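Below is one structure; the comments refer to it alone.
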Amino acid sequence: MLSRLIRHPVSLILGVVLGLFALYETSVRFFAYTGDAYVMSDIVVLSAQIEGPVSKLAVQNNQTVAENQLLFEIERTPYALKLQETQAALATARADLDLARDEVNAAKASVTAAQAVQTNAMDQLGRVKTLETDGYSPEATLDVATRNVATAGADVTSAEAQLAVTLRRVAVAQAAIAAAEAAVAKAQYDLSKTVVTAPDAGRVAPFVTRVGDYLRPGSEVLAIVTDRRRRVVANVSERHLARIALGQRVLLTLGSDPWVLHEGRVSGIAGGVARSPDNPQVIPYVEPTTDWVRLPRRFPVEVTLDDWPEGLGLFNGADARVLIWF
């Protein structure tokens, strides 16, 4: 049999190819292997939330930083002056409110006085009418009393209108205070953003920002590679997805620790990938070609090591090789 295959090399080659294909198809029922894997952890990108020149850089490339440690500062003078300006405007608005309230009290007193004059004029008119009926008061006196009542009524109406105006002034002053308080809060917030600290402990990735660089809101300044969620991300072929489940055992090697096997478990399976690099980067995109060869779609699978090797640093992006047992 073997001699016949040797005499027919084409049959031998085809037999070997078919045997290897059968072996591969059998193996993929039990495990998935990929060399397209890399080390990852959470990375925090620090961006400017206000604009201005960098006045201080407190860290250097690859420096280890603690949580809340100062990273950089943006020139604070314009924002401190803006805060003083808004605080002065708030004080003015509060003074205007006090003045408006005093005007309300004065207007209320004017209404009370006008109502008293009106009441007195109406009483006087009543007395004059009684005397005229009895023949003791001339008609001219009745005319004067009637005019006084009308004048007093007009004065009451005018005083009440003035009171309504002062009440509206109070409402306007209160709205001005609310706007001034919001402006003060905004100025305080902007001033606080001139100082940027580390939100988490980690190492500062290399950055190019220098003192004097002018930043605008959203300008990325530097990034911190944290130790949180250390993991290996393995891009696994789509043909294996149906048999991969959370918690499955994984054997892997790290590029920074070669020839040493590490154990871990599947801790996350991507729900989807972008079909084009132009898609929003919220969804991961895995390049489907390597050296002009079209590959099957691969999906990121996260692997968490049981124990991160003691003394082995975390190098984000370092290569890894992963073998997942089904």
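The values are calculated or read from the model by the stated rules, or taken from the named source; none is laboratory data. Model, not experiment: these values are computed from the prediction. Here the Cβ positions follow ideal geometry from the backbone for every residue, glycine too, while neighbour counts run over all protein chains shown.
Of 107, 100, all but one fail to be in contact (Cβ under 8 Å) with a residue 40 or more places away in the chain, buried (at least 17 other Cβ atoms within 10 Å of the Cβ) and under 18 Å from residue 155 (Cβ atoms); the exception is 107.
Taking residue 320, is it among the small types (Gly, Ala, Ser), touching a residue at least 24 places away in the same chain (Cβ under 8 Å), part of a strand (DSSP E or B) and under 30 Å from residue 193 (Cα atoms)? Give the steps one after another, and end with the answer.
Details: among the small types (Gly, Ala, Ser): yes; touching a residue at least 24 places away in the same chain (Cβ under 8 Å): yes; part of a strand (DSSP E or B): yes; under 30 Å from residue 193 (Cα atoms): no.
Taking the combined requirement at face value, the residue does not satisfy it.
Residues considered: 218, 202. Of these, the only one that is under 24 Å from the mean Cα position of the chain (by Cα) and crowded, with 18+ Cβ neighbours inside 10 Å is 202.
Only residues that are surrounded by fewer than 14 Cβ atoms within 10 Å (Cβ to Cβ) and at pLDDT 80 or above: list them for region 110-125, please.
So the first thing to find is which residues in region 110-125 are surrounded by fewer than 14 Cβ atoms within 10 Å (Cβ to Cβ), and the list is 112-113, 116, 119-120, 123.
Listed by number, the residues that qualify are 112, 113, 116, 119, 120.
In a residue-by-residue description of region 211-233, the property of being touching a residue at least 12 places away in the same chain (Cβ under 8 Å), more than 23 Å from residue 57 (Cβ to Cβ) and in contact with a Pro (Cβ under 8 Å, 6 or more places away or on another chain) applies to at least one position. Say whether the condition of being without any contact (Cβ under 8 Å) to a residue 60 or more places away in the chain and touching a strand residue (DSSP E or B) at 6+ places or on another chain (Cβ under 6 Å) is met by at least one residue in region 249-260. For region 249-260, residues without any contact (Cβ under 8 Å) to a residue 60 or more places away in the chain and touching a strand residue (DSSP E or B) at 6+ places or on another chain (Cβ under 6 Å): absent. Among the residues of region 221-232, how many are surrounded by fewer than 19 Cβ atoms within 10 Å (Cβ to Cβ) and either within 18 Å of the chain's Cα centre (by Cα) or β-branched (Val, Ile, Thr) (or both)? Qualifying residue count for the region: 1. Within region 52-84, the set of residues being surrounded by 13 or more Cβ atoms within 10 Å (Cβ to Cβ) and of a type in the set (D, E, K, R) comprises 56, 73, 75, 76, 82.
Reported count of residues in region 192-206, each being in a strand (DSSP E or B) and not β-branched (Val, Ile, Thr), is 2.
Which ones in region 34-59 are farther than 30 Å from residue 305 by Cα, in contact (Cβ under 8 Å) with a residue 24 or more places away in the chain and part of a loop (DSSP other than H, G, I, E, B)? Walk me through how you get there before you give the answer.
If we filter region 34-59 for residues that are farther than 30 Å from residue 305 by Cα, which is where we start, we get 47-59.
Filter once more, keeping what is in contact (Cβ under 8 Å) with a residue 24 or more places away in the chain: 47-57, 59.
Selection gives 48, 49, 50, 51, 59.
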